[in-house]
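Enquirer: Below: one structure in structure tokens.
The values are calculated or read from the model by the stated rules, or taken from the named source; none is laboratory data. Keep in mind the model is a prediction, meaning the values are calculated, not measured. Cβ coordinates were reconstructed from backbone atoms using ideal geometry, including for glycine residues, and neighbour counts include every protein chain displayed. Accessible surface is based on the protein model in full, side chains and every heavy atom, while ligands, DNA and RNA are left aside. Shrake-Rupley method; radii C 1.70, N 1.55, O 1.52, S 1.80 Å.
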Amino acid sequence: GVLGAASASHLAHAGVRVRLLDQPGGPARQQRRNHAAGMGLAATRKARPAAFFSPRFDTLVTTGNLEDDLVSAAGSDVIIEAIIENLEIKRRLYQRIEALGGTAVVASNTSGLRIADLMEGRSADFRGRFCITHFFNPPRYLKLVEIVAGADTPTQPIARAEERCGHPLGTGVVGAQAPP
């Protein structure tokens with residue numbers, strides 16, 4: 001979507017390679033492969049005010065879809081979910097991410113759902129590397145990210161989220177602890 005693509009462009013400004021995944025866009029496999037993420041990235045390229053500081057940064061963002069390319073996220077340092085504010089859809093995605101294994105910090109860009117609700121049914125390991133990284137929109141201009149730790153999130157994953165999503169981007173960080 002647009003916020004995911006805008007956040008990806010903001011990360012690219014700091015030289016971070018980003019893989020932007022979205023829902024498949026159509027019934028035929030070749031049509032759906034990258035379609036939705038590509039549309040979000042195309043909209044970001046055309047955004048006014050501009051989401052990309054310079055067009056050269058958009059080469060650091062590649063697109064794919066959650067059906068065919070989610071496994072590529074397993075080796076990531078940080079995975080940021082920015083899908084629709086629907087608890088059940090988010091939970092299903094976390095279940096798929098958890099099944100991949102890995103050590104990535106998993107973050108949601110939610111602004112209205114509770115971490116305790118998002119983490120229902122997740123393992124202690126997954127809960128221990130989960131947080132919220134809520135970028136304010138548009139990220140390039142509203143240089144603020146709220147990073148919220150869950151009741152089970154130790155300081156190391158929060159520090160890693162801050163390293164990737166905060167100061168290197170020129171973004172101010174507001175830290176918070178979610179209530180249990």
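Enquirer: Would you confirm whether any residue within the stretch 127-136 is of a type in the set (Val, Ile, Thr) and assigned to a strand (DSSP E or B)?
Expert: Yes, some residue in the stretch 127-136 is of a type in the set (Val, Ile, Thr) and assigned to a strand (DSSP E or B).
Enquirer: Here's a follow-up. Check the stretch 105-121 and report whether any residue there is touching a strand residue (DSSP E or B) at 6+ places or on another chain (Cβ under 7 Å) and more than 19 Å from residue 83 (Cβ to Cβ). Don't jump to the end; show me each part of the working.
Expert: Step one: of the stretch 105-121, the residues touching a strand residue (DSSP E or B) at 6+ places or on another chain (Cβ under 7 Å) are 105-111, 115, 118-119.
Keeping just the survivors that are more than 19 Å from residue 83 (Cβ to Cβ) gives none.
Within the stretch 105-121, not a single residue is touching a strand residue (DSSP E or B) at 6+ places or on another chain (Cβ under 7 Å) and more than 19 Å from residue 83 (Cβ to Cβ).
Enquirer: Under 7 Å between Cβ atoms, which residue pairs at least 6 apart in sequence (or on different chains) link something in the stretch 88-115 that is in contact (Cβ under 8 Å) with a residue 60 or more places away in the chain with a partner that is not in a strand (DSSP E or B)?
Expert: Hits for this filter: 109/3; 109/7; 109/82; 114/178; 115/150; 115/178.
Enquirer: Determine whether the stretch 117-133 contains at least one residue that is open to solvent by 30 Å² or more (accessible area, probe 1.4 Å), without any contact (Cβ under 8 Å) to a residue 40 or more places away in the chain and within 15 Å of the chain's Cα centre (by Cα).
Expert: No.
Enquirer: Right, here's the next one. Can you spot a residue in the stretch 150-170 that is open to solvent by less than 40 Å² (accessible area, probe 1.4 Å), at pLDDT below 95 and part of a strand (DSSP E or B)?
Expert: No - not one qualifying residue is present in the stretch 150-170.
Enquirer: Could I ask something else about it? Considering every residue within the stretch 4-27, establish whether at least one is over 16 Å from residue 133 (Cβ atoms), out of contact with any His (no Cβ under 8 Å at 6 or more places or on another chain) and modelled with pLDDT under 60.
Expert: yes
Enquirer: Before we move on, is residue 147 part of a loop (DSSP other than H, G, I, E, B) and β-branched (Val, Ile, Thr)?
Expert: Working: part of a loop (DSSP other than H, G, I, E, B): no; β-branched (Val, Ile, Thr): yes.
The answer is no for residue 147.
Enquirer: Of the numbered conditions (1) open to solvent by 40 Å² or more (accessible area, probe 1.4 Å); (2) under 15 Å from residue 131 (Cα atoms); (3) in a loop (DSSP other than H, G, I, E, B); (4) at pLDDT 90 or above, residue 110 satisfies every one except a single condition; which is it?
Expert: (1)
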